[in-house]
Each structure stands twice: as structure tokens, then as C-alpha cells.
Amino acid sequence: MAGIRGAGNKTIVPSDAQVKLSFRLVAAQDPAAIRRSVESFVAAQTPDGIVSRVEWEGEGVAPCLVPVDTPAYRVLTEAISAAFDGLPVLPTREGGSGPEAAIAQSLGVPLVFLGVGLPDDQIHAPNER
């Protein structure tokens, strides 16, 4: 984007503006329904005389909720617990995006995830490792 940035007054009004959004869906949300809702919201907020346009990159990715009462999850947590001197494993919900829901649906089995990393890994940052 061009223009004057930083502190102080601005003497121009830009002729156009852009925004990039990313949505992380949770269980039971439908990407197509979210798209319709966003398009409806943008249209409702656009004043007369202004043209708005929503462009999408792809169809979106369905959310995946991993059940914690499956044999696969039990085996995973037992292995993690054994690695940490028998300490209990507490499930957490994490956001992400990818083909997990489609894979689970196609195979007809639940998936389990094991995130491996350190707090300072800066995931998805320019210098992530």
C-alpha cells in the first residue's frame, strides 16, 4: 500500500482501500455459509456511492474436530504420558487449516494430531523454524 504512514495529519483521502482476511473455522461451521455471511455483511456496510467487492481464494477448508474418546487418541496420550514420567496429558483445542477434515471424512476414521514444537518457534513468522 502506498501513502503517508506514521504520526501526524493526512491531507489526502485514498481512492481505494483493500483488506485481507483469514477465517479459522471451528467445529460445525461451513465455509460456504461463512462466505455468504461475509458477503452479506460487507454489502450491508457499504454506503451508497461506494463500490465494494469480495474476492475469495478457493472454496475454503472445512474445520476438523478431533474426538478425544477414540482408541487412537488414547494411544497417543498414553505414549506422551509415558515420555513424561506418567504425567497426565490434558487435551487442548488448537486452530489450524489443512485437509484434515476431508481426509477424516474420506477415510471414515478420526484423526489425531501431535503438535511438536517449542514456545519460541514463531510458527508462521518470517523466521519460523
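Computed from the coordinates by the stated procedures, all read-outs in this text should not be read as laboratory data. All of these numbers come straight from a predicted model, not from anything done at the bench. Glycine also receives a Cβ, built like all others from the backbone with ideal geometry; neighbour counts cover every protein chain displayed.
Key figures
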{"quantity": "FRET efficiency, 1/(1 + (r/R0)^6) with R0 30 Å, evaluated for D120 and F41 via beta carbons", "calculated": "0.25"}
{"quantity": "Contact order relative to length of the chain, as percent, for alpha carbon pairs under 8 angstrom and 6 or more apart", "calculated": "23 percent"}
{"quantity": "More than 25 Å apart - percent of Cα-Cα pairs taken over the chain", "calculated": "53 percent"}
{"quantity": "Karplus (6.51, -1.76, 1.60) ³J(HN,Hα), θ = phi - 60°, over region 108-117, in Hz, Gly and Pro reported as x", "calculated": "x, 9, x, 9, 10, 10, 10, x, 10, x"}
{"quantity": "Ascending count of other beta-carbon atoms within 10 Å, so fewest first, for I12, I34", "calculated": "I12, I34"}
{"quantity": "Amide proton proximity set for V112, modelled H, under 5 Å, gap of 5+", "calculated": "none"}
{"quantity": "Cα-only radius of gyration and Dmax that characterise region 1-62, units Å", "calculated": "15.8, 47"}
{"quantity": "Vicinal HN-Hα couplings computed from phi for region 72-81 (Karplus, 6.51 cos²θ - 1.76 cosθ + 1.60; Hz; Gly/Pro x)", "calculated": "4, 5, 4, 5, 4, 5, 5, 5, 5, 4"}
{"quantity": "In region 32-124, the trypsin sites (Lys or Arg not before Pro) that fall in loop regions by DSSP, at most 14 other Cβ within 10 Å", "calculated": "R53, R93"}
{"quantity": "Region 64-129: C-alpha gyration tensor shape, a/c 1.5 cut-off, then a/b vs b/c", "calculated": "oblate"}
